[in-house]
Amino acid sequence: MTRKKHPKKKILFVCIGNMCRSQMAEGFARSIGGDLVEAYSAGTNPTGLVSEKTIAAMKEKGIDISGQHSKSLEEVSLEEMDIVVSMAGWSAEQLCPSSCHAQKLDWYVEDPIGRTMDRFRMTRDELEEKVKRLLESIWKG
């Protein structure tokens, strides 16, 4: 990936429980984006924990997200975000207050919670590609 010099972008990934999809996306953005992005995740109804299968699936890719924790939208500053990505079943437009001027994206990614490890891997791989494409679009400016 060719990276142009740009100010660091703040990206928030949102799902329902903040225990699977948004945690994976945050992990990929931190890993791939390095010091060019600040990645965050939150849930509309956070569970307070990150799924063990989520942690295991990311570890298979060499990414340790065991230090991440499940948090609510109220625990992040939406107004400071440059990009908000919703996987929560609501559009990013609906999740953001009018004071949030971030670019808003909606990703339809199946929630793997309660499913097999293979489903977690499929979700992980789909998110890896989506995050890569997002970061490429940022770097190309």
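The values are calculated or read from the model by the stated rules, or taken from the named source; none is laboratory data. Bear in mind that the values here come from a model prediction, so they are computed numbers and not experimental data. FYI the Cβ positions are ideal-geometry reconstructions off the backbone, even for glycines, and counts take in every protein chain you see.
Table for the structure above
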quantity	calculated
Qualifying residue in region 96-105 (condition: in contact (Cβ under 8 Å) with a residue 24 or more places away in the chain, surrounded by 19 or more Cβ atoms within 10 Å (Cβ to Cβ) and closer than 26 Å to Lys59 by Cβ)	no
Only listed residue being touching a residue at least 60 places away in the same chain (Cβ under 8 Å), crowded, with 23+ Cβ neighbours inside 10 Å, closer than 24 Å to Ile138 by Cβ and β-branched (Val, Ile, Thr), chosen from Ile32, Ile11, Ile83	Ile11
Test set (1) modelled with pLDDT of 90 or more; (2) at negative phi; (3) of a type outside the set (Lys, Arg); (4) surrounded by 12 or more Cβ atoms within 10 Å (Cβ to Cβ) - Glu52 fails condition number	(4)
Single condition Leu73 does not satisfy, out of (1) aliphatic (A, V, I, L, M); (2) over 17 Å from Leu12 (Cα atoms); (3) buried (at least 18 other Cβ atoms within 10 Å of the Cβ)	(2)
Residue ID - surrounded by the most Cβ atoms within 10 Å (Cβ to Cβ), chosen from residues in region 106-117 that are assigned to a loop (DSSP other than H, G, I, E, B) and in contact (Cβ under 8 Å) with a residue 12 or more places away in the chain	Pro112
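Yes or no, residue by residue, for (1) under 14 Å from the mean Cα position of the chain (by Cα); (2) aromatic (Phe, Trp, Tyr); (3) assigned to a helix (DSSP H, G or I); (4) modelled with pLDDT of 95 or more:
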{"site": "Met1", "(1), (2), (3), (4)": "no, no, no, no"}
{"site": "Lys4", "(1), (2), (3), (4)": "no, no, no, no"}
{"site": "Pro7", "(1), (2), (3), (4)": "no, no, no, no"}
{"site": "Ala25", "(1), (2), (3), (4)": "yes, no, yes, yes"}
{"site": "Phe28", "(1), (2), (3), (4)": "yes, yes, yes, yes"}
{"site": "Ser31", "(1), (2), (3), (4)": "yes, no, yes, yes"}
{"site": "Gly34", "(1), (2), (3), (4)": "no, no, yes, no"}
{"site": "Ala39", "(1), (2), (3), (4)": "yes, no, no, yes"}
